[in-house]
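First up is the structure itself, then whatever we jot down about it.
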Amino acid sequence: VTTVYDGEAHEIEVTGLREGDTVGFALEEAGNYLPEQPEMVDAGTYEVWYKVERAGYQAFQGKATVTIGKAQPAYELPTGLQGFIGSELSSVGLPEGFSWQGDANEKLKGLGKKKFLVKYDPKDTKNYLTVTGIEVEVEIKCPGHNYVSEVTTPPTEEQNGIMTHTCTICGHTYTTEIDKDQPAITGVTAADVTTVYDGEAHEIEVTGLREGDTVGFALEEAGNYLPEQPEMVDAGTYEVWYKVERAGYQAFQGKATVTIGKARPAYELPTGLQGFIGSELGSVGLPEGFSWQGDTDVELKEIGKKKFIAKYEPKDAKNYLTVTGIEVEVEIKCPGHQYECVIDKVSTETQKGQKTFTCKLCGKFYTEEIPVLAPQKPAGVSGLKAARRTTNSLSFSWKGTEGVRYRLMFYKGNKLVSTKFATGNGYTYKGLKPATVYTLRVTPYRVVSGRNVYAKTTGAAKAVTSPAKVKLTAANRKGGSKAKLTWKRVANAKGYEVYMKTGNGKYKKIKTVGKGTTLSFTKTRLSKKKSYSFKVRAYVVLDGKKVYGAYSNVKRLRK
């Protein structure tokens with residue numbers, strides 16, 4: 001079974017069963033076989049062993065593989081992303097499950113909108129694929145203008161001067177006038193503030209003020225100055241302009257920078273992580289916020305505990321750092337032992353043997369004794385079947401066993417017609433009647449101390465000889481568009497199949513006659529302008545399957 005994860009349980013279908021058979025299922029050849037199939041829902045490869053038990057037969061064991069591939073996850077494309085020029089790409093917060101693909105330390109350059117690549121890691125990495133190469137758009141802004149002021153036109157006695165202010169980050173400029181008639185305010189300053197995000201609002205402190213001074217604050221030099229400072233809570237860099245006004249003086253403008261760094265988030269180290277040998281690291285689920293750092297396709301090898309590196313991305317990526325290099329422990333287990341058997345020592349009639357079962361996934365092994373051979377009771381015949389048939393012969397074959405002979409009892413219906421003793425693994429009966437059911441019963445035996453010791457069970461195979469070849473006696477046109485076919489009866493036939501070809505075409509079956517006593521068929525809707533050929537074969541039915549005789553002679557109808 002090959003499918004894709006859909007949240008539903010999948011099963012294998014065992015065919016060829018007979019009424020009364022019982023079937024058990026296990027994930028190991030030597031496991032505990034249960035009537036219900038193991039639950040196979042999650043993506044992965046499962047080897048399902050099944051055991052069929054039938055009264056009077058050896059138990060049959062087989063294996064089928066169920067492969068459930070990872071599904072493509074659904075996600076919403078991130079929109080409205082913003083970053084600051086000069087900062088790293090990693091500073092741009094992404095929705096849960098998304099991370100930057102490539103160098104997250106890349107510096108953001110140039111104002112405007114730019115496209116970058118991200119990948120999406122679904123929470124359920126065991127059942128869903130990681131999607132890469134997703135193109136998203138980031139609007140790059142100035143984090144807060146850092147202006148350098150320069151007197152471009154000095155004031156004179158006759159006219160005001162001009163001061164030009166240029167942002168060192170993004171290049172934005174504006175100008176202000178220098179009043180020629182008023183003195184400048186001196187001694188006023190404000191220190192830069194550097195702190196870490198703590199959820200509280202931060203402010204600058206303006207010193208050197210005099211009684212009566214008024215102070216206004218803005219995030220741009222040419223902005224709207226307000227008596228209250230702008231709210232500075234979230235991590236980032238804020239350039240706070242302050243304007244001091246004093247009667248009889250030119251207004252004083254200054255700037256201080258408030259830098260609020262991202263805080264280190266608190267998290268609980270993931271514990272109790274488990275993965276299966278042979279699967280990928282990405283199949284090991286992590287708690288919310290955590291993802292594997294590096295190659296998630298790395299294969300888990302060796303049973304036991306092993307450490308891998310993860311990273312933690314907080315929900316509030318704007319104010320908290322992404323923590324990398326977190327060492328977590330994963331316990332690697334076997335998903336279900338898949339044992340392969342090797343015979344170490346063959347048993348004899350006087351000494352026990354030994355076989356070793358080794359898991360091809362994890363290497364775990366165990367041994368079992370092989371009982372001493374009991375020569376007085378050989379195993380029942382295996383693989384007994386009718387290999388070939390003709391109208392007057394049947395050939396049977398079975399799996400031969402060294403040192404074992406066979407008693408063959410051949411029946412026509414319920415009547416025993418032959419008893420033979422044979423070696424080897426096959427026998428052919430000749431001189432049989434066509435379309436007749438025969439049964440061969442085979443009992444293995446060994447000669448021990450001059451006497452025949454028979455197996456407890458006798459195998460049986462039923463077969464039917466092919467029907468005799470049909471003799472097609474006539475094919476006559478009736479009224480131009482019809483043709484009547486007649487043939488001679490075949491002994492014991494269940495029915496007949498009629499074949500026709502047009503001109504030089506291929507033969508096609510046109511009729512199945514379901515009674516062995518019906519010896520004619522009329523074909524309609526023929527054309528006078530075409531020639532036709534007909535042939536017939538007989539069939540018998542055994543255990544629901546048709547057995548055919550040879551095709552009859554051919555009868556042709558000319559144009």
Residue identified as open to solvent by 50 Å² or more (accessible area, probe 1.4 Å) and out of contact with any Ser or Thr (no Cβ under 9 Å at 6 or more places or on another chain) among GLY56, GLY16: GLY16
I'm trying to understand the selection: among the residues of region 65-84, which are open to solvent by 30 Å² or more (accessible area, probe 1.4 Å) and of a type outside the set (Val, Ile, Thr)? LYS70, GLN72, ALA74, TYR75, GLU76, LEU77, GLY80, GLN82, PHE84
Would you confirm, using the coordinates I've provided, whether GLU205 is at pLDDT 80 or above, in contact with a Lys or Arg (Cβ under 9 Å, 6 or more places away or on another chain), open to solvent by 50 Å² or more (accessible area, probe 1.4 Å) and closer than 28 Å to TYR320 by Cβ? no
For region 404-427 the number of residues that are open to solvent by 40 Å² or more (accessible area, probe 1.4 Å) and small (Gly, Ala, Ser) is 2
Selection from region 286-305 of residues that are in contact with a helix residue (DSSP H, G or I) (Cβ under 9 Å, 6 or more places away or on another chain) and either of a type in the set (A, V, I, L, M) or open to solvent by 70 Å² or more (accessible area, probe 1.4 Å) (or both): ASP295, ASP297, VAL298, GLU299, LEU300
From the set of residues in region 508-533 that are hydrophobic (A, V, I, L, M, F, W, C) and touching a residue at least 24 places away in the same chain (Cβ under 8 Å), which is nearest to PRO467 (Cα to Cα)? LEU519
Residues being more than 19 Å from THR518 (Cβ to Cβ) and either open to solvent by 60 Å² or more (accessible area, probe 1.4 Å) or of a type in the set (Asp, Glu) (or both) - total across region 534-552: 3
Within region 380-403, how many residues are open to solvent by less than 60 Å² (accessible area, probe 1.4 Å) and free of Cβ contacts under 8 Å to residues at least 40 places away in the same chain? 5
Output the residues belonging to region 233-277 that are out of contact with any Leu (no Cβ under 9 Å at 6 or more places or on another chain), of a type in the set (Val, Ile, Thr) and under 16 Å from ASP192 (Cβ atoms). THR237, THR257, VAL258, THR259, ILE260
Identify all residues within region 355-407 that are among the polar types (S, T, N, Q), touching a Leu at 6+ places or on another chain (Cβ under 6 Å) and under 17 Å from PHE421 (Cα atoms); write none if there are none. none
Pairing a residue in region 287-303 that is within 16 Å of TYR120 (Cβ to Cβ) and among the hydroxyl-bearing types (Ser, Thr, Tyr) with any residue that is modelled with pLDDT of 90 or more and not in a loop (DSSP other than H, G, I, E, B), where Cβ atoms lie under 8 Å and the two sit 6 or more apart in sequence or on different chains, gives SER291/SER99; SER291/ALA310; SER291/LYS311; THR296/GLU280; THR296/LEU281; THR296/GLY282
Selection from region 48-68 of residues under 20 Å from VAL1 (Cα atoms) and either small (Gly, Ala, Ser) or under 14 Å from the mean Cα position of the chain (by Cα) (or both) yields GLY62, ALA64, THR65, VAL66, THR67, ILE68
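Take region 1-37 and flag every residue that is free of Cβ contacts under 8 Å to residues at least 24 places away in the same chain and either on the phi < 0 side of the Ramachandran plot or assigned to a strand (DSSP E or B) (or both). Write out each step before concluding.
Just the residues of region 1-37 that are free of Cβ contacts under 8 Å to residues at least 24 places away in the same chain, to begin with: 13, 15-16, 19, 32-36.
Selection gives GLU13, THR15, GLU19, ASN32, TYR33, LEU34, PRO35, GLU36.
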Checked against (1) part of a loop (DSSP other than H, G, I, E, B); (2) open to solvent by less than 30 Å² (accessible area, probe 1.4 Å), VAL118 satisfies every condition except (1)
Out of curiosity, is LYS523 surrounded by 14 or more Cβ atoms within 10 Å (Cβ to Cβ) and over 51 Å from the mean Cα position of the chain (by Cα)? yes
Of the numbered conditions (1) open to solvent by 40 Å² or more (accessible area, probe 1.4 Å); (2) modelled with pLDDT of 85 or more; (3) in contact with a strand residue (DSSP E or B) (Cβ under 8 Å, 6 or more places away or on another chain); (4) assigned to a loop (DSSP other than H, G, I, E, B), LYS377 satisfies every one except a single condition; which is it? (2)
Matching residues in region 306-350 - criterion: being part of a strand (DSSP E or B), without any contact (Cβ under 8 Å) to a residue 40 or more places away in the chain and either touching a Pro at 6+ places or on another chain (Cβ under 7 Å) or crowded, with 17+ Cβ neighbours inside 10 Å (or both): PHE308, LYS311
Anything in region 231-256 that is open to solvent by less than 30 Å² (accessible area, probe 1.4 Å) and of a type outside the set (A, V, I, L, M)? List them, or say none. GLY236, GLU239, TRP241, TYR242, ARG246, GLY254
Against the conditions (1) open to solvent by less than 10 Å² (accessible area, probe 1.4 Å); (2) more than 30 Å from THR518 (Cβ to Cβ); (3) among the small types (Gly, Ala, Ser), where does GLY450 fall short? Just the number, please. (1)
Residue match in region 185-202 (condition: buried (at least 18 other Cβ atoms within 10 Å of the Cβ), at pLDDT below 95 and among the small types (Gly, Ala, Ser)): yes
Residues of region 464-501 that turn out to be open to solvent by less than 10 Å² (accessible area, probe 1.4 Å) and of a type in the set (D, E, K, R), as a count: 1
Of the numbered conditions (1) farther than 30 Å from LYS123 by Cβ; (2) open to solvent by less than 90 Å² (accessible area, probe 1.4 Å); (3) part of a loop (DSSP other than H, G, I, E, B), LEU361 fails exactly one; give the number of that condition. (1)
Taking the stated definitions as given, is ILE85 at pLDDT below 95 and of a type in the set (Val, Ile, Thr)? yes
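The values are calculated or read from the model by the stated rules, or taken from the named source; none is laboratory data. Please read these numbers as outputs of a predicted model, since none were measured by experiment. Note that each Cβ is placed from the backbone with ideal geometry, even for glycine, and that neighbours are counted across all protein chains shown. With ligands, DNA and RNA removed, areas are computed over all heavy atoms of the protein, side chains included. Shrake-Rupley method; radii C 1.70, N 1.55, O 1.52, S 1.80 Å.
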